[in-house]
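Visitor: I have a structure I would like to understand better, so I am pasting it below and will then ask my questions one at a time.
Each reported figure results from applying straightforward, stated rules to the coordinates on display, with no laboratory input. These figures come from a predicted structure and were not determined experimentally. Cβ placement follows ideal geometry from the backbone for every residue including glycine, while neighbour counts extend to all protein chains displayed.
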Amino acid sequence: MKIAAGSDHAGLPLKKKLVGYLEALGHDVEDLGTHSEASVDYPDYGFAVGRLVASGGAERGVVVCGTGVGITIAANKVPGVRAGVATDVFTARLMREHNDANVIGFGARVTAAEFAEAMLDVFLSTPFAGGRHAHRTEKLNQGPPAETPPNPEEPR
Ligand code: RB5
């Protein structure tokens with residue numbers, strides 16, 4: 001699978017390990033930086049990964065910063081990207097089954113490499129469930145309407 005990867009300086013150590021892990025599994029990884037420990041801005045790398053995924057240049061993306069939050073927010077600013085921070089294997093599976101996530105975010109300061117690898121395995125191997133989830137992800141793709149409708153009374 002063609003996978004885009006990106007991180008800021010805080011995410012660099014974990015990203016390097018994950019890129020090596022993915023390449024050892026035979027994936028074609030495009031590492032969009034950063035490549036040094038010099039301080040950089042995480043939005044630049046989240047946008048770069050998001051753009052490559054949204055354009056079809058990569059099937060999935062992996063973004064890493066200190067917590068995973070900032071770079072995942074950045075990736076989500078690119079239309080067509082559905083990114084989430086992975087904190088556990090259950091979430092990594094559900095972000096594929098329910099959200100059809102195409103980018104996964106990790107926090108290098110909070111997540112051990114072996115744990116991130118386990119979440120990545122699940123993220124890459126789990127298909128989108130479709131069905132009732134499909135019109136919801138379509139709403140994500142469309143973005144918010146001009147006037148947001150009221151919240152439904154019952155959670156679904
Ligand atoms: C960098 O210090 C840090 O703010 C960044 O890696 C990330 O955690 C932001 O969300």
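Visitor: Cα centroids of the stretch 8-35 and the stretch 77-156: how far apart, whole angstrom?
Guide: 21
Visitor: Report the extension gain between PHE128 and VAL110 in nm, rounded to one decimal, defined as 0.36 nm multiplied by the number of residues separating them, less their alpha carbon distance.
Guide: 3.8 nm
Visitor: Any of LYS16/LYS139; LYS2/LYS77; LYS2/LYS139 with alpha carbons more than 23 Å apart? Name them for me.
Guide: LYS16/LYS139; LYS2/LYS139
Visitor: Something else about it: Which order do LYS15, LYS77 fall in if you start with the one that has the fewest other Cβ atoms within 10 Å?
Guide: LYS77, LYS15
Visitor: So who's got an amide H within less than 5 Å of the one on SER7, skipping anything under 5 residues away but keeping other chains? H placed 1.01 Å off N, in plane.
Guide: GLY33, THR34, VAL64
Visitor: With all distinct Cα pairs included, what does the Kirkwood hydrodynamic radius of the chain come out to in Å, to one decimal, could you say? Let's see the in-between values first.
Guide: Details: mean 1/r = 0.0641 Å⁻¹.
By the Kirkwood definition, the hydrodynamic radius is 15.6 Å.
Visitor: Hey, another quick one. Could you name the aspartates and glutamates whose alpha carbon sits less than 18 Å from that of LYS15, not counting residues in the same chain fewer than 8 places away?
Guide: Within the straight-line cut-off, LYS15 pairs with GLU23, ASP28, GLU30, ASP31, GLU37, ASP41, ASP44, GLU59, ASP88, GLU114, GLU117, ASP121.
Visitor: Return the sequence-ordered ³J(HN,Hα) values of the stretch 32-47 in whole Hz as given by the Karplus equation 6.51 cos²θ - 1.76 cosθ + 1.60 applied to θ = phi - 60°, using x for Gly and Pro.
Guide: Those phi angles translate into 8, x, 6, 10, 9, 7, 4, 5, 9, 9, 4, x, 4, 7, x, 5 Hz.
Visitor: OK, next. Provide the per-residue ³J(HN,Hα) series for the stretch 110-116, in order, calculated from phi with Karplus coefficients 6.51, -1.76, 1.60 and θ = phi - 60°, each as a whole number of Hz, with x at glycine and proline positions.
Guide: 10, 10, 6, 4, 5, 5, 4
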